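See below for the structure under consideration.
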Amino acid sequence: MAREQLQVLNALDVAKTQWYHFTAIIIAGMGFFTDAYDLFCISLVTKLLGRIYYHVENAEKPGILPPNVSAAVNGVAFCGTLAGQLFFGWLGDKMGRKKVYGMTLMLMVICSVASGLSFGHNPKSVMTTLCFFRFWLGFGIGGDYPLSATIMSEYANKKTRGAFIAAVFAMQGFGILAGGIFAIISSAAFEAKFDAPAYEVDPVKSTVPQADYLWRIIVMVGAIPAAMTYYWRMKMPETARYTALVAKNAKQAASDMSRVLQVDIEAEPQKMEESVSAFKLFSKEFMRRHGLHLLGTTSTWFLLDIAFYSQNLFQKDIFSAIGWIPPAKTMNAIQEVYRIARAQTLIALCSTVPGYWFTVFFIDRIGRFAIQLMGFFFMTVFMFALAIPYNHWTHKDNRIGFVVIYSLTFFFANFGPNATTFVVPAEIFPARFRSTCHGISAASGKLGAIIGAFGFLYLAQSKDKAKVDAGYPTGIGVKNSLLVLGVINFLGILFTFLVPESNGKSLEEMSGENEDENETGAMELEPSGLNRRTVPVA
């Protein structure tokens, strides 16, 4: 038996798009801006750190971070993010979105700055403190995933909710571009001020002492936009859905949203007493209603991130193939930062950023399910197109084709599951579990990212011992790795069928919070229960 929806929640669902929606996108999106800025810049920083702290006398090539140090610098942030997604997701449902929201942002700001202030001048002390602060930076970033998605979904109207949540996630694109542009400008300024010969001319003088300031400045600047939005995060009222459905204070929810929407909303305190839901997270009733949904959101995000984060395996080959980055020994340290930043910014501008905004534009027109299915399909096709004739792509004349297909793969990742896996978990679970379930889904994705970034780093090594990168064992080769990624994307297609379509429906309709839970026997026969599935079940 369906209940009538609370007036305050209905007012949010049918509200016209207003200035506060766009303000919420910017406030919520700044965490993702910092996240993307940091992930982008760390690849530049690790190159520079290798030259500064791991220089080997009389070596033919510039110093690089040893595999275990490189894995630690990159890996601790992933581990911190995974832990933060689970912890802050749970805390957001216990304490409220607003109370926890400021904590995550302040943690990001403090740890971004502290990462740049990593103590000491010897490799061990710098790397140890850098890893320590990057773990806690990741912890803060992790908390921003479930909280930003949940807050935006609970503030938005049902007509444009998908676009608003996707726009928050798409702030990553601006973070990537800002990181690239700032790295280009700062490295160009350092190069103009501190002239240095190429490594092959003079290995020692090719890395000027001032380069140690460059990486610190690049890392720290990402905190500034996030710090600027802290005040507005604290001024945002708690979401009406948390206040009404979890804290059970419909009067306060109506008062808060009256101010935000600038309309009079009548409070309905008595109705809330009746609509309190009984079942707990992971209870039998929860698993009956939402178990398959949670399996769908966790598995698709997990599979997507394996493929998405494995892309760094092929970037160095692509950049050198199209002549954007010459051999490291032909550049000095600051020139290398400039060249890599320019190349990565162009890749982001051509494929990554457009993909995000295609999703924002189309998600409420064609739906989440169609975009996710299409994205996984094209990623599968393009991975096999790279893998099966891999030897063909290795010839110099054919490498431009490799770059085009590679770029399309990640265009359809962003105009596809990379965005939808973030959007859907914020829409389909009850308000009292929404942040927790989004955090679990996101943490599953981050586990996939760890496998993609590090597992495939070892897996993609050549079968020939002579061609293996220093410090790594033999693997299955790039061609076989691409085939495995193609299969992973195909599995993503299959698991997408577990994810319900939420386009144009209220959050309460999707989560079943308007249904009478006492009549559990009748629940399965109600049309709204069937309509929440993407595919009819026989």
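The values are calculated or read from the model by the stated rules, or taken from the named source; none is laboratory data. Here the structure is a predicted model, which means the values were calculated and not measured. Glycine gets a Cβ as well: all are built from the backbone with ideal geometry, and neighbour counts include every protein chain shown. These accessible areas exclude ligands, DNA and RNA; they are computed on the full protein's heavy atoms, side chains included. Shrake-Rupley method; radii C 1.70, N 1.55, O 1.52, S 1.80 Å.
Beyond 10 Å, how much of the Cα-Cα pair distribution for segment 405-444 remains, as a whole percent?
That fraction is 70 percent.
Output the relative contact order of the chain, whole-number percent, from Cα pairs under 8 angstrom with separation of 6+ residues.
23 percent
Using a 1.4 angstrom probe, figure out how much accessible area segment 1-114 has per residue, in square angstrom, rounded to the nearest whole.
It amounts to 41 Å² per residue over segment 1-114.
Which values, in whole Å and largest first, are the semi-axes of the equivalent ellipsoid of segment 64-172 obtained as the square root of 5 times each eigenvalue of the Cα gyration tensor?
Whole-Å semi-axes of the equivalent ellipsoid: 32, 14, 11.
How long are the semi-axes of the ellipsoid equivalent to the chain, from square roots of 5 times the Cα gyration tensor eigenvalues, in whole Å, largest first?
After scaling each eigenvalue by five and taking roots: 44, 26, 19 Å.
Got a number for the accessible area of Arg365? Probe 1.4 Å, square angstrom, nearest 10.
Counting only protein heavy atoms, Arg365 exposes about 150 Å² to solvent.
Divide by every residue of the chain the summed helix terms, -39500 (n - 2.57) for each DSSP H run of at least 4, and state the resulting mean residue ellipticity at 222 nm, rounded to the nearest 500 deg cm²/dmol.
Details: 25 runs with 367 residues, N = 538.
Result for the chain, helices only: -22000 deg cm²/dmol.
For segment 461-500, what are the per-bin percents of Cα-Cα distances with bins 10 Å wide, up to the bin holding the maximum?
Values per bin, smallest distances first: 28, 31, 23, 14, 5.
Order the following by accessible area, largest value first: Trp393, Trp357, Trp301. Probe radius 1.4 Å; ligands, DNA and RNA are ignored.
Values: Trp393 35, Trp357 90, Trp301 10 Å².
Correct descending sequence by accessible area is Trp357, Trp393, Trp301.
What fraction of the Cα pairs in segment 177-303, stated in percent, has a spacing above 27 angstrom?
Here the tail beyond 27 Å accounts for 61 percent of pairs.
Starting from the Cα of Met228, step 7 Å along the direction of its Cβ; do the same at His121; then give the gap between the two resulting points in nm.
3.5 nm
Please list the radius of gyration and Dmax for segment 196-247, considering alpha-carbon atoms only, with Å as the unit.
Every Cα atom of segment 196-247 included, Rg and Dmax give 23.1, 69 Å.
Rounded to a whole number, what is D in µm²/s for segment 411-517 from Stokes-Einstein with the Kirkwood radius over alpha-carbon pairs (37 °C, 0.692 mPa s)? Before the final figure, lay out the partial values.
On the way: Rh = 16.6 Å.
The calculation lands on 198 µm²/s.
Binned at 5 Å from 0, what are the whole-percent values of the Cα-Cα distance distribution for segment 334-440, short to long?
Percent of Cα pairs in each bin: 2, 12, 16, 15, 17, 14, 10, 7, 4, 2, 1, 0.
Filter the chain for me: DSSP H helices, axial length by Cα at least 27 angstrom, mean Kyte-Doolittle hydropathy not below 0.5. List them by residue number. Walk me through the numbers on the way to the answer.
Working: long enough: 19-53 (48 Å, 1.01); 67-95 (40 Å, 0.69); 97-116 (29 Å, 0.90); 123-155 (46 Å, 0.48); 161-193 (49 Å, 1.32); 284-309 (35 Å, 0.13); 368-387 (28 Å, 1.75); 477-496 (29 Å, 1.63).
Helices meeting the criterion: 19-53, 67-95, 97-116, 161-193, 368-387, 477-496.
Under 5 Å between amide H atoms, partner at least 5 residues away or on a different chain: which partners does Glu501 have, H built in plane at 1.01 Å?
Those lying under 5 Å, H to H, from Glu501 are Thr534.
Just round it to a whole percent: the fraction of Cα-Cα distances in segment 133-206 exceeding 21 Å.
Numbers: 1516 of 2701 pairs.
That tail contains 56 percent of the Cα-Cα pairs.
Rounded to the nearest 10 Å², what accessible area does Met106 show when all protein chains are kept and the probe is 1.4 Å?
For Met106, solvent-accessible area is about 70 Å².
Using 7 Å Cα-to-Cβ label points, what is the Asp397/Thr474 separation (nm, one decimal)?
Simple spin-label model gives 3.3 nm for this pair.
Counting other C-beta atoms within 10 Å, and keeping those with at most 16, which DSSP coil trypsin sites (Lys or Arg not before Pro) do you find in segment 1-87?
For trypsin sites (Lys or Arg not before Pro) across segment 1-87 that sit outside H, G, I, E and B with at most 16 neighbouring Cβ atoms in 10 Å, the list reads Arg3, Lys16.
Over all distinct alpha-carbon pairs, what is the Kirkwood Rh of segment 46-86 in angstrom?
Final number for the Kirkwood radius of segment 46-86 is 11.5 Å.
Any idea of Met383's accessible area? Nearest 10 Å², probe 1.4 Å.
0 Å²
At most 13 other Cβ atoms within 10 Å and a DSSP loop assignment: could you name the trypsin sites (Lys or Arg not before Pro) in segment 442-507 that fit? Don't skip to the answer; put the middle values down first.
Values: sites: Lys446, Lys463, Lys465, Lys467, Lys479, Lys505; in loops: Lys463, Lys505.
Those that pass, being in a loop and sparsely packed, are Lys463.
If you roll a 1.4 Å probe over the chain with all protein chains in place, what percent of the accessible area is carbon or sulfur?
Working: 14440 of 21910 Å².
The value for the chain is 66 percent carbon and sulfur by accessible area.
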